[in-house]
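Encoded as structure tokens, the structure appears first; notes follow it.
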Amino acid sequence: MPSHLCPRLPRELERDIFSEVFHNGEKHKDVRQLLVVAKRVHEWLMPLVFTAIYVSRKDPWYQRDLWQQKLEDYGHHTRHLCLIPSWSGSETTLFLKSCPNVTNLMIWSGVEESYLEYIAKLPLSALSINVSGVDPQAFFSPQMVNQIFHKITRFNAMGVEAAWVEEYIHAETFPVLTHLAISWDNPTRENRRHPVRKTIMDRLTKTLKVLISLCSTEVPSLVFYHDPIGDDRITGFRCNLLWLWKGGTKGYGDIWAMGEGEVEQNAKCDGHCT
């Protein structure tokens, strides 16, 4: 078709169309194809690409050189950041320094003290982090407590034992916490039933709305289980945490939404559901 006969859409409408196609894309190759349509489309979509970063070396779209080249330009657009174990402490530090506006952070690998100071500078409202092996004195330092834990409303502690939760989860440390998830290091039935859950509810009773006992699996599925101890705010399920995390960044249900739904159902059942 001759160029003078091609329909011309208003620029804002064209941008909205490409944004909608981007958000509905199922595979990373779809995103790559969109980025090379035209220079203006690339400029529109790159901030959206960096809104949620899930870094995995298993995924060819997320190449180390791409991130290092683009983080300086687009890292300030990132609001959701997930880093998995294959990334070293120095690489984790690079992402934390380059993405200063992250509000939802998941660090799947163990915490290293070298980058705690960069976590403390983020405007976080949700934090999922593997605390196994970390020095609690460093993790709950005055800087971390004042700059992070005093303002987050959602906290998922991964790789923990009941004794750790009982010792370090207090209202003084988490004064505005509304959602707490415990991803057990040893996800046995005894841990899921551990009385520490009731202790935590008593400590955080003024703010906490949802307490979730999590058992992580590699299968992208969701299986709820119920261990009632007289508090409708407590629930638990087995799930693929990464699967739900990525879904949450796209507006689907994450662990917090799933937990809220179960808590609401518990309240409606009033102990009579099976």
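The values are calculated or read from the model by the stated rules, or taken from the named source; none is laboratory data. The shown structure was predicted, so the numbers you read here are calculated from the model rather than taken from an experiment. Don't worry about glycine lacking a Cβ; one is built from the backbone with ideal geometry, like all the others, and counts go over all protein chains shown.
For the range 52-59, the criterion of being surrounded by 12 or more Cβ atoms within 10 Å (Cβ to Cβ) and modelled with pLDDT under 70 is met by at least one residue. Taking every residue in the range 236-255 that is over 16 Å from HIS179 (Cβ atoms) and pairing it with any residue that is acidic (Asp, Glu), at least 6 positions away or on another chain, the pairs with Cβ-Cβ distances below 7 Å are ASN240/GLU218; GLY247/ASP254.
Within the range 126-146, being surrounded by 15 or more Cβ atoms within 10 Å (Cβ to Cβ), farther than 18 Å from ALA171 by Cβ and either in contact with a Leu (Cβ under 9 Å, 6 or more places away or on another chain) or modelled with pLDDT of 90 or more (or both) holds for ALA126, SER128, ILE129, VAL134, SER141.
Checked against (1) in contact with a Phe, Trp or Tyr (Cβ under 7 Å, 6 or more places away or on another chain); (2) assigned by TED's automatic domain parsing to the domain that holds TYR118; (3) modelled with pLDDT of 70 or more, GLU91 passes all but a single condition, namely (1). Please indicate, with yes or no, whether at least one residue in the range 41-49 is within 17 Å of the chain's Cα centre (by Cα), at pLDDT 85 or above, surrounded by 15 or more Cβ atoms within 10 Å (Cβ to Cβ) and under 23 Å from LEU244 (Cβ atoms). Scanning the range 41-49 turns up no residue that is within 17 Å of the chain's Cα centre (by Cα), at pLDDT 85 or above, surrounded by 15 or more Cβ atoms within 10 Å (Cβ to Cβ) and under 23 Å from LEU244 (Cβ atoms).
Counting only residues that are more than 18 Å from SER109 (Cβ to Cβ) and of a type in the set (S, T, N, Q), which one in the range 147-159 is modelled with the lowest pLDDT? Among those that are more than 18 Å from SER109 (Cβ to Cβ) and of a type in the set (S, T, N, Q), it is GLN147.
Candidates are the residues of the range 106-139 that are acidic (Asp, Glu) and either outside the structural domain of LEU242 (by TED's automatic domain parsing) or farther than 21 Å from HIS76 by Cα (or both); the one that is nearest to the chain's Cα centre (by Cα) is GLU112. Residue check: SER132 meets all listed conditions (1) small (Gly, Ala, Ser); (2) part of a loop (DSSP other than H, G, I, E, B); (3) closer than 30 Å to MET46 by Cβ but one, namely (3). Candidates in the range 135-159 are the residues that are of a type in the set (D, E, K, R) and in a loop (DSSP other than H, G, I, E, B); of these, the one that is nearest to SER183 (Cα to Cα) is ASP135. Taken together, SER132, SER125 contain a single residue that is under 22 Å from CYS82 (Cβ atoms) and in contact with a Lys or Arg (Cβ under 7 Å, 6 or more places away or on another chain), which is SER125.
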